[in-house]
1. Would you mind stating whether Gln315 is within 30 Å of Gln213 (Cα to Cα) and polar (S, T, N, Q)?
2. Against the definition (in the same structural domain as Thr188 (by TED's automatic domain parsing) and within 25 Å of Met352 (Cα to Cα)), how does Ala268 come out, yes or no?
3. Can Asp287 be described as in the same structural domain as Pro222 (by TED's automatic domain parsing), in contact with a His (Cβ under 8 Å, 6 or more places away or on another chain), acidic (Asp, Glu) and under 30 Å from Val258 (Cα atoms)?
4. So for the range 341-361 (the condition being under 20 Å from the mean Cα position of the chain (by Cα), crowded, with 21+ Cβ neighbours inside 10 Å and within 25 Å of Val388 (Cβ to Cβ)), does at least one residue qualify?
5. Scan Asp291, Asp327, Asp314 and give me the residue that is surrounded by 22 or more Cβ atoms within 10 Å (Cβ to Cβ) and acidic (Asp, Glu).
6. Any idea which residue in the range 76-118 is surrounded by the most Cβ atoms within 10 Å (Cβ to Cβ), counting only those that are at pLDDT 85 or above and part of a loop (DSSP other than H, G, I, E, B)?
Amino acid sequence: MTTVTSRIGTQVLGWLAPSIYEALGIAQQEAVRLQISEVTPELLLLGVIIQGHDGVRRVLSELGIDWQTMRLQTAQIFDIPLDAEAESPFNDDFPLSEDAQDCIDQAIYFAVSMHAPLTLPEHLLLGTLRHHHTQPLLALLLPAERVIPAPVIESTGLDYTVAMDQFIHSRVREQTVISFGNGRSWQTLRGFERPTRLFTDITGEDAAKRSMQEAVDFLKRPGMARRGEKNYLCGMLLVGNPRRNRTPLVKAVAGEAVVPLFALSISALVRMLNDIAHDIMQLEDVDLSEDERALLADGSVAQRGRRMIAYIFDQARKASPCVLLLDDIDAINELSTEEERQQWLNQVLVEMDGRDYHPSMVVIAATQHPDGLDLALLHPARFEQRVVLEDSAFTQSRPCPSCKRTTRPGWKHCMYCGTFLVKVCPHCNVLLPEIDGVQFCFECGSPLK
């Protein structure tokens, strides 16, 4: 296998999958046909669309774009057969433009951030979509009805790249989403991402930021841990209202330390396993990965839960240094029997107490009801350090957006005109975190404007 030289420079990151070379071959073929002297980002985008790799179709679907419609539009505009293939292999001597090389570098970055062993066509798609040179072509290939929000399509230059990055990160994630009640509600069971948000992107919460900075310092310099503490694991209890600044702050810890973030929702796991145990839901109906399906294939609620907790810790260890979020950890109390609650709790304690010489890892347990937690979780060297968030939406006076009068702290509605004062996503009704510059909902990826 040959490699396309990347300015990232390491041999490991420079390896590209064979399907990438096929897409590059199609791009070179189109460059020759259009009498262009080098491969550009626009030609790379055409190459991955024409190739139609399964991963490309999946990513386009997550972005709200129908691949078949986009491919038909490409064939009509550029007079390309729908069954076009590379007539000759990738030619190392055919030049790539500097912008095209940037796209390949970004594709490698996406592959690394998604823990992919090789750079695949879907990573190249993401690398080209975020380049501002592909914006006119993207607008040309999209159908008449708008499928990508206006803040992305109508931006130019660096603003386009920033908006597209936000759009990609809000839609394309490695996560398992569980639908409950015939699709009437849903929760994210497990997630993995490499956040780019920093503490400076979050409004307020200065005290919480100072406390959580210790976790960032620990990830960067684990050898500087205080005497008597573990130098490979740091536990932290984050107390606050869900879907306010709780999750964004955890992402900011990972972003500040430049490490990946793993997340497991205990409440979603409890609800899913209880529904399966009572035949309200079938495991076959849940869109799980092969590893997750094997873990949950058989056994009692206690056994399945313990295996899932052990699995997420194992995945985090393999990728450490990293941050692991156990969201809604108080949901363990919602299990049906005392035996189930005790087994799940014991598994968390075993994972927190286990001695391992892997690189540093921060485990953050989030809850809204700390008083209901088992005291064993709050033992030193587990989740002894507590960070309490102030719900800034309810503790600060602010003007009503309707009548412009200042309302009192703690009121959800304006005392003068009755306007609802807590903003929510208009699509999924999730409370919006106070982060400057965010244009897409963190939960559903829908535009906020």
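The values are calculated or read from the model by the stated rules, or taken from the named source; none is laboratory data. Values in this document were obtained by computation on a predicted structure and should not be read as measured data. Heads up, the Cβs are rebuilt from the backbone with ideal geometry, glycines too, and the neighbour counts pull from every protein chain shown.
1. Taking the combined requirement at face value, the residue satisfies it.
2. yes
3. Against the criterion (in the same structural domain as Pro222 (by TED's automatic domain parsing), in contact with a His (Cβ under 8 Å, 6 or more places away or on another chain), acidic (Asp, Glu) and under 30 Å from Val258 (Cα atoms)), Asp287 does not qualify.
4. Scanning the range 341-361 turns up at least one residue that is under 20 Å from the mean Cα position of the chain (by Cα), crowded, with 21+ Cβ neighbours inside 10 Å and within 25 Å of Val388 (Cβ to Cβ).
5. Asp327
6. So, considering only residues that are at pLDDT 85 or above and part of a loop (DSSP other than H, G, I, E, B), the one surrounded by the most Cβ atoms within 10 Å (Cβ to Cβ) is Ser97.
One line per residue, one yes/no per condition, for (1) of a type in the set (A, V, I, L, M); (2) more than 19 Å from Pro370 (Cβ to Cβ); (3) at pLDDT 85 or above:
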residue: Arg243; (1), (2), (3): no, no, no
residue: Val258; (1), (2), (3): yes, yes, no
residue: Asp275; (1), (2), (3): no, yes, yes
residue: Leu296; (1), (2), (3): yes, yes, yes
residue: Pro321; (1), (2), (3): no, yes, yes
